[in-house]
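Novice: Take this structure, written in structure tokens, and hold onto it; I'll ask about it next.
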Amino acid sequence: MNLLVIGLVMYIVHSDCVSRFQDVDLGLETMPAAGIVARTVVNAGFHRQLVTEVTIPSDSEAGEQISCPVMLRETLPSGVFVDLYQLASQVHMGGPKVLSSEDIDVEKPEYLSPAHTVYVYSDLNVTADHTYYTKIDLPIHVRYHRPSVDREVQFVTSSLKYPSIFHRCKDFNNRKKQFPLIQYPCNYENNSLCQWTELIYEKQRESIDISIPVGNQEDMLLVSMVTLVVTVAGCYLLVHTTLSGDKNTDKKKNR
């Protein structure tokens with residue numbers, strides 16, 4: 001009997017905890033958006049720009065902070081990558097500040113590459129109409145995809161999901177519509193951890209689809225033959241030019 005009573009009490013307590021947890025989740029999902037995010041992909045081919053604009057209304061008319069840090073956690077699909085060396089070389093010219101927890105192989109094709117996550121850092125600046133705003137131009141590159149077996153298929157689609165966005169703005173610290181604080185690196189140099197607050201924002205759509213050209217397996221023999229001919233012709237031309245230059249040098253010496 002005692003065991004039955006204890007079991008009943010434990011079930012009631014467990015049910016109450018689960019109910020409260022579900023209520024909290026429901027509250028977070030139905031919170032009104034605190035910001036607006038717009039993004040697009042510009043340029044064509046294998047080298048493009050992922051442009052993200054973040055706008056957040058300020059609680060105070062004056063805007064207590066002139067600027068505050070913001071971070072985008074981007075998860076890129078296997079068909080798209082960022083070149084960390086390129087990004088590092090562009091920081092001193094005003095390029096995006098990006099941190100990755102893993103190395104990114106820029107040579108692998110899409111079917112041998114995993115998706116990867118990067119952290120993009122910027123600053124939200126106060127505008128004339130008392131809103132926080134930033135625009136981030138992230139250079140992205142498209143990987144080579146497996147050739148298609150269908151002559152009709154000339155393009156494949158890769159989807160770029162919207163990022164998770166975190167900020168450290170004092171103006172928003174008292175907003176109940178924010179998620180709890182989360183620890184992430186303070187900056188792209190990854191030398192310390194800071195408390196970040198996730199931003200709930202409005203999305204134009206769930207993701208952006210980009211079209212990527214693919215080859216066709218039926219062209220493999222033709223491409224291989226042309227590549228072989230060009231390679232052999234280039235080697236012959238290089239050797240012939242080198243030997244001809246040596247002969248001319250010898251003739252000048254003999255004179």
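The values are calculated or read from the model by the stated rules, or taken from the named source; none is laboratory data. Just so you know, these numbers come straight off a predicted model, no measurement behind them. FYI the Cβ positions are ideal-geometry reconstructions off the backbone, even for glycines, and counts take in every protein chain you see. The protein model used for the area step is the full one, side chains on, heavy atoms only, and it has no ligands, DNA or RNA in it. Shrake-Rupley method; radii C 1.70, N 1.55, O 1.52, S 1.80 Å.
Novice: I'd like to verify a number: residues in the stretch 180-234 that are touching a Phe, Trp or Tyr at 6+ places or on another chain (Cβ under 9 Å), open to solvent by less than 80 Å² (accessible area, probe 1.4 Å) and assigned to a strand (DSSP E or B), how many?
Specialist: The total comes to 13.
Novice: Which one of these does Lys252 not meet: (1) farther than 30 Å from His130 by Cα; (2) at pLDDT 90 or above?
Specialist: Lys252 satisfies every listed condition except (2).
Novice: Now for a different question. Does Thr134 satisfy being surrounded by 15 or more Cβ atoms within 10 Å (Cβ to Cβ), modelled with pLDDT under 95 and in a strand (DSSP E or B)?
Specialist: yes
Novice: Among Pro139, Pro114, Pro57, which is the only one that is at pLDDT below 85 and under 23 Å from Glu206 (Cα atoms)? Steps first, please.
Specialist: Details: Pro139 fails: at pLDDT below 85; Pro114 fails: at pLDDT below 85.
Exactly one residue qualifies, and that residue is Pro57.
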